[in-house]
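Let me begin by presenting the structure, written as structure tokens, before commenting on it.
The values are calculated or read from the model by the stated rules, or taken from the named source; none is laboratory data. Model, not experiment: these values are computed from the prediction. Cβ sites come from the backbone with ideal geometry, for glycine too, and all protein chains shown count toward neighbours. Calculation scope for accessible area: heavy atoms of the full protein, side chains included, ligands and nucleic acids excluded. Shrake-Rupley method; radii C 1.70, N 1.55, O 1.52, S 1.80 Å.
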Amino acid sequence: MIQIVPSILSADFARLAEDVARMEQAGATMLHVDVMDGHFVPNLTLGPPVVKSLRKVTDLALDVHLMITDPDKFAPLFIEAGANQVAVHYEAATHLDRTLRLIQSLGALAGVVLNPATPVTVLEDVLYLADYVLIMSVNPGFEGQKFIPNALNKIRRLDQIRREQHLNFAIEIDGGVSASNTAEIVRAGCDWLVAGSAVFHSADPGATVKHMQHLAELATAVSV
Ligand code: DX5
Ligand code: ZN
């Protein structure tokens with residue numbers, strides 16, 4: 001099922017519970033949580049206490065995106081705080097196989113993230129293990145950046161490999177996603193579309209999620 005996944009990085013951190021409730025009412029099933037450490041990316045965001053607080057106010061799946069240099073150390077703390085799925089950057093994980101298995105052993109789905117300059121081919125020996133692959137369509141660190149169209153080629157390649165090898169990892173995209181590119185992203189083979197500024201900086205965030213979800217479902221119908 002195609003999902004629009006609101007990224008709380010663009011929400012109002014002083015009114016997080018209200019923004020999350022609006023996403024629930026709009027029919028979202030997952031929330032994207034961006035964790036930045038000021039080392040792997042040039043920005044700082046939030047830690048496990050925020051995930052713990054979110055867990056208390058919502059049943060939505062918490063999709064934690066770790067943009068940090070030491071995922072093995074911190075992934076367990078986010079899962080303990082209530083994360084349902086945790087994605088680590090290929091570029092940050094020294095022993096990616098071990099890290100994915102660690103996340104799964106703690107009961108969460110394990111994802112691997114690729115920066116725009118990292119080719120899909122590096123995942124050849126880990127796709128059978130990953131629950132999902134997150135393709136960055138901006139360089140990670142900030143909301144509101146311009147979509148890098150080459151991400152669509154990477155998604156097409158991944159979707160092709162998935163079909164050829166009968167694998168069932170989900171494909172997620174993150175960065176510069178809006179109503180204007182939703183249809184082509186879905187047609188490329190993407191399942192989960194993360195959207196931050198397009199949702200929370202719109203006049204009616206709930207209506208924007210519903211609109212993008214509708215566009216995504218229309219695009220699926222056309223491609224079949
Ligand atoms: C960027 C983050 C994204 C961010 C996307 O490093 O990983 O999740 O929230 O924001 P938009 O949708 O505004 O590009
Ligand atoms: Zn993200």
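General remarks:
- Qualifying residues in the stretch 93-102 (those that are among the aliphatic types (A, V, I, L, M) and outside any loop (DSSP other than H, G, I, E, B)) - the one most open to solvent (accessible area, probe 1.4 Å): Leu102
- One residue from Ile68, Ile79, Ile4, Ile8 being within 17 Å of the chain's Cα centre (by Cα) and open to solvent by 20 Å² or more (accessible area, probe 1.4 Å): Ile79
- If you check Gly141, Gly111, Gly196, Gly189 for being more than 25 Å from Phe78 (Cα to Cα) and among the small types (Gly, Ala, Ser), only one passes: Gly189.
- Annotation note: of Gly196, Gly206, Gly189, the sole residue that is more than 17 Å from Asp63 (Cβ to Cβ) and touching a residue at least 60 places away in the same chain (Cβ under 8 Å) is Gly206.
- For the stretch 11-50, taking the residues that are part of a loop (DSSP other than H, G, I, E, B), among the polar types (S, T, N, Q) and surrounded by fewer than 17 Cβ atoms within 10 Å (Cβ to Cβ), the one that is farthest from ligand 1 (Cβ to nearest atom) is identified as Thr29.
- Scan of the stretch 160-178 for residues that are within 16 Å of Gln3 (Cβ to Cβ), away from ligand 1 (no atom under 12 Å from the Cβ) and open to solvent by less than 40 Å² (accessible area, probe 1.4 Å), ordered by number: Phe169, Ala170, Ile171
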